[in-house]
Structures are given as C-alpha cells and as structure tokens.
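The values are calculated or read from the model by the stated rules, or taken from the named source; none is laboratory data. Bear in mind that the values here come from a model prediction, so they are computed numbers and not experimental data. Using ideal geometry, Cβ is built from the backbone for each residue, glycine included, and neighbour counts are taken over all protein chains shown.
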Amino acid sequence: MSRSRSKDAGIETLSGVDGAFLNLETEATPMHVGSLHLFETPPGYRGDFHESVRHMMQSRMVPVLQRRLAALPLQLANPVWVQDAVDFDYHIRRVKLPRPGTWPQLEAAVADLHAQLLDRSRPLWMLYVLEGLASGEKAYYFKVHHAMLDGQAGVALAGALFSTSPEPLPPARRGARKKPVSPEQPGTLALAAAAFRHDAAQYVKLVRELPGVVRTLAGIVKGSAAKARGAAQAAEAASLAELRRSASFGPRTVFNVAITPGRGFATATIPRAELKAVAAALDATVNDVVMTLCSGALRRWLKRNSSVPRKPLIASMPISLREQGNTEMRTQATLSLVNLASNIADPVKRLQAIRDSSGATKAVARQAKSVIPTDIPLLGVPWLLGALAHLYGRSSVVDTLPILANVLISNVPGPPVPLYVDGLRMTGYWPLSIVEHGVGVNITLLSYSGNLCFGFVVAKNAVPEAGELAADFMAAHAELKNAVCSTAGFAQPAGYAGTEQCSAKPPLRPAPTPATARTRRKRAGS
C-alpha cells in the first residue's frame, strides 16, 4: 500500500507506519535515523568542505527533503506533507571538534547530535559538517526522520545526492545563497480533506484484503502441522517447526530498561570478503555471520559488566517489504524476531544455531510478505499513540512487561561503488538508527564499496560506553575467524589468503579491562 498524493497540489499523505514513527516520538526516543560520512583529502587540500557539501545539497536537492509537516486540528489524523522552501543556513551547519580531534571525539559529537530532536516546523533533516579531525580527513553527519524514509530509501537518497565520479562539482551559480521563497501553502480544510480521504481509502482496502490475509495465515498454520506434501512444502514445515522451537521472550538484561535522552555512538569496519568467506565455509549467509558477531559482542559485554543469561538473547530485525525497483522515499519494512543463540559459547556452533533460526524466520516472512501492510489507517488514533509512548517510557511499565527483543539489529545494502563530494572520495559510511524504551542497543550495518560499516547506537543509561561494545564486536570477529580456520573439516577460507593466514587482527579499539568497566559502571550509576 503506497503513500498517496492528494488532488490538492503540493499535499502528500503519510502512510500509517510513517505516522506511527511521528506519534511514538518522545524527548527520550527521537525517531530519526542518520549516517556518518568520512572523506579523504589530497595532500595540501585547502578547500572549504562545508561549502562543497552545501553546494552538493543545493545542486542535487530532491523533493523528499523539501517537505515539512502540516498538522491537523486535535491530532484526529496523521499530519500531511507539504512542499516548502529549504533554509540551507539552518539545515547545514558547522561543528568544530574539540582538540586534538580524535576519532572517539568525533563519535561523541555525533552521539550528542543524534540525541537531539528535529524541529517539526521545518523539513525533517539536518546536516552537520564536522571540522577539526587530527587526521585531516573531512566528515559530516546527516540525520532524517524515519517518517520520511527507511534504510533502503536512505541509500537511494544518497545515490541521488552523491556523485560516482571524482570530478569536482560545477561552480555554484550566482545568487544561490539568496533566501528561499516558500510556496503558497494549502489551507486547513484542504489538509484535512487529504488526510481523511487517505485513511478512508485504507479502511476500504483493508476490508477488501482481509479474506486474503486470513487464507495466507491459515496456510502458514496448516503448513506448520507437518502435513506438507513434496520436498518444498516439507522444507517449509521444517522451518516453521524450527521457528516455534526457537521463538520465545528474551531474558531481562541491563539493555532492556526505560531509556533516557543521552546517546552513545561507535563505529567498526570489516571487509565484506572476510565475512563472506566465513559464511561460505559454514553454508550460511553473510547476515547469519553478522548476527553471530553481534551475539558474540553482546556476550562479551554482558560477561564483563553483568552476566550472560541462560536464555538466548532475541534480536528484532527489519524485513524489507520493498519490491524490486521500488525507490519510493518512505518506510516499507516490518519487524521479525531472531534467536541469537547467545547461550552457546562456541562461535561456530552459535553461528549454526543462528543460521537455522534465521532461516525459519525468512521462510515465514516469504509466505506472509504479500499480506503485511505497508500502510494502515490511523484516523482518530495519533493522539492515543503519543499518550501510550509517554506511558511506556515509565520504568515501572518497562520493568513489568515481557521482553520481546533485547537488541535491534539492521542490515542495509548500500552502494557497491565509491561515492564522492566535490571530488573527495568517501572512505566510510556508518549508519545510526533508533533505540527505544526496553531496547537500549541498536546495531546497524551498511555495505559500502567492499566494506561492511557498523554503527553502534546506545542509550547511555543502558550502555555507558558504546566504544566498549564496538571493541567486543571486533574481538568476536577475530574469535569466529580463528575458530572457522581451526575447525576440523574446514579448509582456510579463500577470503583469508595471503599474509593474514587466519590470524586474528587486533581490534581497532583496545578491549576494556574489568577494572575499567567497573569504574565506568560506577560513574554511570549502575
């Protein structure tokens, strides 16, 4: 179900899913996503990177970034999008890093920016050019509200903004910095009519599609009864049986608390070929390997700072509902639950367990994908969602409800080729996503130009130092890599050929000692 454009010029309605991201937002739970971009500079570079970024945004501005919200009276329905002028002086800003301009200082600055809510009276995005890196590299952090787009739409947006050519941008035209003029805005009646027409159409569509939904769900249940005929159906039945076996509530951990506004952020980067080699050796997917590394990192962190639960941790993962070739700038995804097998110490056995669990999830998703809506009517509901979001933020509520998921993990396919801004090559592209009450850790990865770039976003009252988690992730990567190479029956993966010889590279960050961890917990009040 797609977002509809109103008969009234310049009005575009939100889907119910996008509206939910707006209505569930609180000061402690901003609902925007972001990305950190790093660029190499040639020797003796004297350009003004801020001006280069501004010129890129002005010359390649897309309509999705020119929309702002127009609210309806009494929140009876979702607001709608209207086109508006972009004030580039407001939306593109300079941020000076403290001396000496280290990478952890850059991550800390990005974390602080990621914690700030977007101004709903303006288009819902901001770009901060980060100056003062000691390395001489250039960087910027970009954030946009999740109501505007999901991860894959964000990658499509990057493709529209960035260049795949190292050639500098053409010079800016004179007068480009003049104050923009806002187009004429529609009246309240036109806004309300567009929103009500949209929700009415979705109610009608929901009723029409209900019989098909019932038939699909009935087929899934029937298939799970092991009455399948034929090899394909038998495989589906086995997957569903595995899903029932592995699906359960997650254990309560220090991650699963009512969160406060403070955020932490850290990065990690791994060549995709390394994870692909591990996946091939164990008949798994790269995503299975990623989940195993996330599980290993969480095990290490919990063992050092708390304790590893006997029950396995559960991850909530988005499943894209976007059809091939669909480039609409809106959210088209649903959530699934995956058993992380964190109770298994051996990394190879853990990967095999995750492979079986995630395979079962995918089998059900394939059957149900056609009936999962990407738009739902929310007529009369927005104010209620907001009230529920504030209620859920109370510790007494979060501590009482069962834990559906311990951590949020996302895997976003990104650009396979290098991207450029005014001739400067982008060398890193790290995503930042959302943490929520009850789920204080989010690990999102984005593939870019042969690398997998991981962004660790945490609520600081749940995980005081995001860098610890990133170090644990790299240590888990080294552990799994060596385990695969030394396991009987497996040859050295082709991705490790050369001087590496299956030896573990040191983590990009020093692993924290138990004493350091205790000091940080005491400082955080845990």
Search the stretch 252-308 for residues being in a loop (DSSP other than H, G, I, E, B) and hydroxyl-bearing (Ser, Thr, Tyr), and hand back the single one that is surrounded by the most Cβ atoms within 10 Å (Cβ to Cβ).
253
Going through the stretch 87-100 in order, the residues found to be in contact with a strand residue (DSSP E or B) (Cβ under 9 Å, 6 or more places away or on another chain) and either modelled with pLDDT under 90 or part of a loop (DSSP other than H, G, I, E, B) (or both) are 97
Top-ranked residue in the stretch 410-426 [being of a type outside the set (S, T, N, Q), buried (at least 18 other Cβ atoms within 10 Å of the Cβ) and in a strand (DSSP E or B); ranked as modelled with the lowest pLDDT]
412
Here's a check for you: in the stretch 427-457, which residue that is part of a loop (DSSP other than H, G, I, E, B) and of a type in the set (A, V, I, L, M, F, W, C) is surrounded by the fewest Cβ atoms within 10 Å (Cβ to Cβ)?
434
Where residues in the stretch 120-137 are free of Cβ contacts under 8 Å to residues at least 60 places away in the same chain and of a type in the set (Gly, Ala, Ser), which of them is nearest to residue 154 (Cα to Cα)?
121
The stretch 310-349 - residue that is over 18 Å from residue 405 (Cα atoms) and not in a loop (DSSP other than H, G, I, E, B) and, of those, modelled with the lowest pLDDT:
320
Just to be sure before I move on: is residue 148 out of contact with any Ser or Thr (no Cβ under 8 Å at 6 or more places or on another chain), under 25 Å from residue 445 (Cα atoms) and without any contact (Cβ under 8 Å) to a residue 40 or more places away in the chain in the structure I sent?
no
Residue pairs qualifying under the 7 Å Cβ cut-off, at least six apart or on distinct chains, with the first in the stretch 403-426 being among the β-branched types (Val, Ile, Thr) and the second being surrounded by fewer than 21 Cβ atoms within 10 Å (Cβ to Cβ) and in a loop (DSSP other than H, G, I, E, B), are 403/249; 403/251; 403/252; 417/164; 417/449; 421/162
Which one of these is of a type in the set (A, V, I, L, M, F, W, C), closer than 15 Å to residue 267 by Cβ, out of contact with any His (no Cβ under 7 Å at 6 or more places or on another chain) and touching a residue at least 60 places away in the same chain (Cβ under 8 Å): 470, 462?
470
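Kindly evaluate residue 35 against the criterion of being in contact (Cβ under 8 Å) with a residue 24 or more places away in the chain, in contact with a strand residue (DSSP E or B) (Cβ under 8 Å, 6 or more places away or on another chain), polar (S, T, N, Q) and part of a strand (DSSP E or B).
Details: in contact (Cβ under 8 Å) with a residue 24 or more places away in the chain: yes; in contact with a strand residue (DSSP E or B) (Cβ under 8 Å, 6 or more places away or on another chain): yes; polar (S, T, N, Q): yes; part of a strand (DSSP E or B): yes.
In short, yes.
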Of the conditions (1) closer than 17 Å to residue 143 by Cβ; (2) at pLDDT 95 or above; (3) assigned to a helix (DSSP H, G or I), residue 51 clears all except one; give me its number.
(1)
Check residue 116 against each of (1) more than 24 Å from the chain's Cα centre (by Cα); (2) surrounded by fewer than 18 Cβ atoms within 10 Å (Cβ to Cβ); (3) at pLDDT 95 or above and name the one condition it does not meet.
(1)
